[in-house]
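Inspection log for the structure reproduced underneath, given as C-alpha cells.
Read-outs: derived from the displayed coordinates by stated rules, not from any lab. Small disclaimer: the values here were computed from a predicted structure and weren't measured. Neighbour counts are summed over all protein chains in view; Cβ atoms, including those assigned to glycine, are modelled from backbone coordinates with ideal geometry.
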Amino acid sequence: MDHNTIIFKTGEATILAREGQFTDAMPEILIGTVDGPVGHAFANMMGQTAGHTRMFAIRACNQQVRPATLMVPKVTMKSMAYVDLFGGTVQAATADAVLDCVIEGILPRDQVNDLCIVSLVWIDPRCATDPNLDHKDLYRTNYEATKLAIKRALNDEPGIDELIANRNSIRHDMYDPDA
C-alpha cells in the first residue's frame, strides 16, 4: 500500500458563535478512500433515516464538491426551517471549506476522486427559530470549523503526546468534575 494513501483519518473542531448567536459549529470529520472503510461507511449512509436527512455538500445546484462529502446531522431535524439551514447556509459553508482545502493543498488534489468525507454536522436547534439568526455567522463558524477539522484529520491532530501532556489540565467544556 502506498504510504500516501489516506485510509481512515478523523478530525474535529469547534468554532464558537459571535455574541448573542447559537451558531457554534462542531463538525466531526471522517476522511478515507472510496474503496476502504470510509467509502463503505459513506455508501451505507446513503439511505435516509427519519429526521436525519443526509446530503452531499454542494456549492450550488450541479456543483457537488470533490472529494464527495456527505453531511450527516447530529440532531434530529424537526422542522423545515432546520432543514433549510442544513441544506442552505451550512451546506454552502461545508462545500466551500472542502473545496478551499483542495485549493490550498490541505486535501491532495490528485486524490479528490479517490477520497470521500463524512461530516457529522451540529446545528443548534435554537437557530431554526431565532428571528435574529445571523446567517453570515452560521456560515463562518461552519466554514472555519470544517476546514480546521479536515486539516486536523490529515495531520493526526491532536497527537498522542499533546493529549497525554494535557490529560490533567484540560477538561471537557460541558463537564465540570468539581461542580
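Listed values, structure above:
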quantity	calculated
Sites Met45 and Asp173 - FRET efficiency at Förster radius 25 Å, r taken between beta-carbons, to 0.05	0.35
Residues of region 8-39 with amide N under 19 Å of the 7 Å Cα→Cβ point at Ile160	8-12
Ranking of Met80, Met55, Met71 by count of other Cβ atoms within 10 Å, fewest first	Met80, Met55, Met71
Dimensions in Å of region 9-165 - Rg and Dmax from alpha carbons	15.2, 46
Distance between modelled label sites at Val34 and Ile103, nm, 7 Å Cα→Cβ extension	2.4 nm
Share of pairwise Cα separations in region 64-113, more than 16 Å, in percent	45 percent
Karplus 3J(HN,Hα) series, Hz, for region 53-59 with 6.51 cos²θ - 1.76 cosθ + 1.60 (x for Gly, Pro)	4, 9, 9, 6, 7, 10, 7
Packing-based exposure ordering (other Cβ within 10 Å, fewest first) of Ser169, Ser79	Ser169, Ser79
GNM top mover of Asp35, Asp100, Asp24 - the chain, alpha-carbon springs below 10 Å	Asp35
